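What follows is a single structure, written as structure tokens, with notes after it.
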Amino acid sequence: MDGECVLCMAGARLIDTFDKGATVGICPAQTPLGTALLAHFGMSPDDPETWLVLDAGKVHESLDAIIHLGRCIGGIGWLLQVFRILPRPARDWLYRRIARNRYAFFARRKTCTLPTPSLRKRLIEPMPSGA
């Protein structure tokens, strides 16, 4: 996830709220581990389309990653399954439109919002100081 994106941070807070089993870890793209993971999968942390979900050795990208994550956390997350009715090209188009315009639509933080204690536990690698 993009640690500077208000939409991504809202997503992280929703994961923290609805993943009752605390099975989902979060890694900001701007951390060394996040950058290395993205590079490994042929992506750049500067590319707005960098949403990945790694689960049981399988990689899910873009809107498909968000849909998969909704299934993993359960509860209200199941509502994301409605996007499966869209053909893959339409899902990819929709995701790209939102991802490329996320700062314009939802703003951008120059500093990382302080996570709650429960969200902090989910961070695989916290954002570097001053980020």
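The values are calculated or read from the model by the stated rules, or taken from the named source; none is laboratory data. None of these values were measured; they are calculated from a predicted model. Here Cβ is always computed from backbone atoms with ideal geometry, including for glycine, and neighbour counts include all displayed protein chains.
Worth a mention:
- Beta carbons closer than 8 Å, at least 6 apart along the sequence or on distinct chains, pair a first residue in region 5-31 that is under 21 Å from Tyr95 (Cβ atoms) with a second that is surrounded by fewer than 16 Cβ atoms within 10 Å (Cβ to Cβ) and among the polar types (S, T, N, Q) for Met9/Thr113; Arg13/Thr116.
- In region 25-43, the residues that are surrounded by fewer than 17 Cβ atoms within 10 Å (Cβ to Cβ) and under 14 Å from Ser118 (Cα atoms): Gly25
- Looking only at region 10-32, residues that are under 18 Å from His60 (Cβ atoms) and either among the β-branched types (Val, Ile, Thr) or in a helix (DSSP H, G or I) (or both) come to 8 in all.
- Helices (runs of 4 or more DSSP H) (entirely within region 77-128) containing at least 3 residues that are modelled with pLDDT of 90 or more: 88-100
- Any hit, region 51-74, residues being modelled with pLDDT under 85, surrounded by 18 or more Cβ atoms within 10 Å (Cβ to Cβ) and in contact with a helix residue (DSSP H, G or I) (Cβ under 7 Å, 6 or more places away or on another chain): yes
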